[in-house]
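A.B. asks: Can you keep this structure in mind? I'll have questions shortly.
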Amino acid sequence: MPRKKTTEASQSVSATEPVEKKIGLFDVLEMIQGKRIPWEELDDGYKEAYSQFMINRFVSSIEFLCPLISEISALKSLTNEQHYYILTHAIPTGRKLWFNYKAFKKEKQDKDEEFLIWAISKEYEIGKREAKTYIELLTDDEKAQLKKKWEEPYTYNK
């Protein structure tokens, strides 16, 4: 049976006593793709850290696993044990998979792009999502004209 991760003692505990480290999401992901210990034999720390939503989010960053994750995400009645069993049998062994956690971080838009999206949405009376696609279709001259036209109302609305 696997044990909880331990680290060397911190300042508050003497150097001879190991300190238990809390098991996190990345430890659970490592267990799913690496060690594959049966659910019944997992420590309680792994079971407590198990989050189907977050695991699905990371595993779906691997392109060939997206259809599977889509299917099991739709099943609302799956227990954590069933979810773990499906993933440990679906993810191939033999090579290390790198889950792209940065793919889910929101990218910051620069102020100029934010203003341009706002101007396009006002000019064409469309939503922000559609305005983002319009940016690629407009020429630099058209973008400049829109910025000039909508500059005053934009600063007024802020």
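A.B. asks: Only one of Lys4, Lys22, Lys76 is modelled with pLDDT under 85 and touching a Gly at 6+ places or on another chain (Cβ under 6 Å). Can you tell me which?
C.D. replies: Values: Lys22 fails: touching a Gly at 6+ places or on another chain (Cβ under 6 Å); Lys76 fails: touching a Gly at 6+ places or on another chain (Cβ under 6 Å).
The match here is Lys4.
A.B. asks: Right, next: Regarding the stretch 127-135, can at least one residue be identified that is part of a helix (DSSP H, G or I), of a type in the set (S, T, N, Q), free of Cβ contacts under 8 Å to residues at least 40 places away in the same chain and surrounded by 14 or more Cβ atoms within 10 Å (Cβ to Cβ)?
C.D. replies: Looking for residues that are part of a helix (DSSP H, G or I), of a type in the set (S, T, N, Q), free of Cβ contacts under 8 Å to residues at least 40 places away in the same chain and surrounded by 14 or more Cβ atoms within 10 Å (Cβ to Cβ), one finds none in the stretch 127-135, hence no.
A.B. asks: For residues that are exposed (fewer than 14 other Cβ atoms within 10 Å of the Cβ), part of a helix (DSSP H, G or I) and of a type outside the set (Gly, Ala, Ser), tally how many sit in the stretch 66-80. Lay out the reasoning, then the answer.
C.D. replies: Within the stretch 66-80, the first condition is being exposed (fewer than 14 other Cβ atoms within 10 Å of the Cβ), and the residues that meet it are 66-67, 70-71, 74-77, 79.
Then keep just the ones that are part of a helix (DSSP H, G or I); that gives 66-67, 70-71, 74.
Checking which are of a type outside the set (Gly, Ala, Ser) leaves us with 66-67, 71.
Adding up the residues that qualify gives 3.
A.B. asks: Follow-up question, since we're still on this one. Considering (1) modelled with pLDDT of 85 or more; (2) closer than 30 Å to Gly34 by Cβ, say which one Gly127 fails and leave the rest.
C.D. replies: Gly127 satisfies every listed condition except (2).
A.B. asks: Let me ask something else. Mind counting the residues in the stretch 18-65 that are outside any helix (DSSP H, G or I) and not charged (D, E, K, R)?
C.D. replies: To start, the set of residues in the stretch 18-65 that are outside any helix (DSSP H, G or I) comprises 18-24, 36-38, 42-43, 50-51, 60-62.
Restricting the remaining residues to those that are not charged (D, E, K, R) gives 18-19, 23-24, 37-38, 42, 50-51, 60-62.
Adding up the residues that qualify gives 12.
A.B. asks: A follow-up question, please. Within the stretch 131-158, track down each residue that is modelled with pLDDT of 85 or more and in contact with a Phe, Trp or Tyr (Cβ under 8 Å, 6 or more places away or on another chain).
C.D. replies: Across the stretch 131-158, the qualifying residues are Ala131, Tyr134, Lys147, Trp150.
A.B. asks: For the stretch 96-110, indicate whether the set of residues that are surrounded by 12 or more Cβ atoms within 10 Å (Cβ to Cβ), at pLDDT 80 or above and within 23 Å of the chain's Cα centre (by Cα) is non-empty.
C.D. replies: no
The values are calculated or read from the model by the stated rules, or taken from the named source; none is laboratory data. Nothing here was measured: the structure is a model prediction, and the numbers come from that model. With ideal geometry, Cβ positions are generated from the backbone for all residues, glycine too; neighbour counts draw on all protein chains shown.
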